[in-house]
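For reference, the structure is listed below as structure tokens.
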Amino acid sequence: MRVKGHGELFIIAAPSGGGKTSLINALLKRDPRLVLSISHTTRQARPGELDGRHYHFISATEFKHMVSRGDFMEHAQVFDHYYGTNSHSVARQLRQNRDVILEIDWQGARQVRAIFPDCCAIFIIPTSLETLRKRLTGRGQDSDGVIQRRMRDAQAEISHWAEFDQLVVNDDFDAALEELTTIINDHRTQRPHKINKNYQRLAQRLGKG
């Protein structure tokens, strides 16, 4: 049920290297009504990342305290670190009639959908696993062993594609951005967005390897 004067909730997920962060940043620049929920994490900040802007960087002890207090609407362990979405912050933004984007994985998406069944969950996939590998290698941030693990985890994550409302293939950045924009606007106006069967077949193939 939609509440008058209440923002919409969007989930955008992708395997590591899928390009979701760049697409979300572009969405935020073109649509002032959208706001990104800043997650909490126990991992260390990477070069260029700022606390409170990219993530709220906290200790594992503090994270566990927040879990025990029920502060997270979703939380999960990813690559040996914990990530969580603060439910109070999201609720405040929704009350302000802002449309909130959650940049989370399939585990978090499953938890959020149990609470907000009317949210719109979007999954971004690459054109191939080889394309994904090239993106991860091109970052120059991870060892070969880490990349191999990320590839295995990415394939496992893609296998959950059917739990999402919409799929977007990130082959051409501008085309993917337009597709995301259309999906968001269609959801806002309650206009049905046609599901691309070719995207579904691609996701099914990628998830199986």
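The values are calculated or read from the model by the stated rules, or taken from the named source; none is laboratory data. Because the structure is a prediction, the values reported are computed rather than measured. Cβ: placed from backbone, ideal geometry, glycine included. Neighbour counts: every protein chain shown.
Would it be correct to say that residue 157 is within 23 Å of residue 33 (Cα to Cα) and buried (at least 17 other Cβ atoms within 10 Å of the Cβ)? Step through it out loud before you land on a result.
Values: within 23 Å of residue 33 (Cα to Cα): no; buried (at least 17 other Cβ atoms within 10 Å of the Cβ): yes.
Taking the combined requirement at face value, the residue does not satisfy it.
Of 107, 148, which residue is within 17 Å of the chain's Cα centre (by Cα) and under 21 Å from residue 82 (Cα atoms)? Don't jump to the end; show me each part of the working.
Values: 148 fails: within 17 Å of the chain's Cα centre (by Cα).
107 is the lone residue from the list that is within 17 Å of the chain's Cα centre (by Cα) and under 21 Å from residue 82 (Cα atoms).
May I ask you to verify whether residue 206 is farther than 24 Å from residue 46 by Cβ, assigned to a helix (DSSP H, G or I) and touching a helix residue (DSSP H, G or I) at 6+ places or on another chain (Cβ under 8 Å)?
Numbers: farther than 24 Å from residue 46 by Cβ: yes; assigned to a helix (DSSP H, G or I): yes; touching a helix residue (DSSP H, G or I) at 6+ places or on another chain (Cβ under 8 Å): yes.
So residue 206 passes the test.
Taking residue 188 and the conditions (1) closer than 15 Å to residue 126 by Cα; (2) at pLDDT 95 or above, which numbered condition does it fall short on, given that it satisfies the others?
Unmet for residue 188, out of (1) closer than 15 Å to residue 126 by Cα; (2) at pLDDT 95 or above: (1).
Might you let me know whether segment 123-142 holds any residue that is at pLDDT 95 or above and assigned to a helix (DSSP H, G or I)?
So far as segment 123-142 goes, no, none of its residues is at pLDDT 95 or above and assigned to a helix (DSSP H, G or I).
Look at residue 148 and say whether it is part of a helix (DSSP H, G or I) and in contact with a Pro (Cβ under 8 Å, 6 or more places away or on another chain).
Values: part of a helix (DSSP H, G or I): yes; in contact with a Pro (Cβ under 8 Å, 6 or more places away or on another chain): no.
Spelling it out, it is not the case that residue 148 is part of a helix (DSSP H, G or I) and in contact with a Pro (Cβ under 8 Å, 6 or more places away or on another chain).
Can you tell me how many residues within segment 160-180 are surrounded by 16 or more Cβ atoms within 10 Å (Cβ to Cβ) and not small (Gly, Ala, Ser)? Step through it out loud before you land on a result.
Quick first cut of segment 160-180, residues surrounded by 16 or more Cβ atoms within 10 Å (Cβ to Cβ) only: 160-161, 164-170, 176-177, 179-180.
Restricting the remaining residues to those that are not small (Gly, Ala, Ser) gives 160-161, 164-170, 177, 179-180.
Number satisfying all stated conditions: 12.
Quick test for you: out of 175, 162, 154, pick the one residue that is small (Gly, Ala, Ser), farther than 23 Å from residue 22 by Cα and assigned to a helix (DSSP H, G or I).
Working: 175 fails: farther than 23 Å from residue 22 by Cα; 154 fails: farther than 23 Å from residue 22 by Cα.
Answer to the selection: 162.
Go through (1) closer than 20 Å to residue 73 by Cα; (2) at pLDDT below 95; (3) of a type in the set (A, V, I, L, M, F, W, C) one by one and return the number of the condition residue 151 breaks.
(1)
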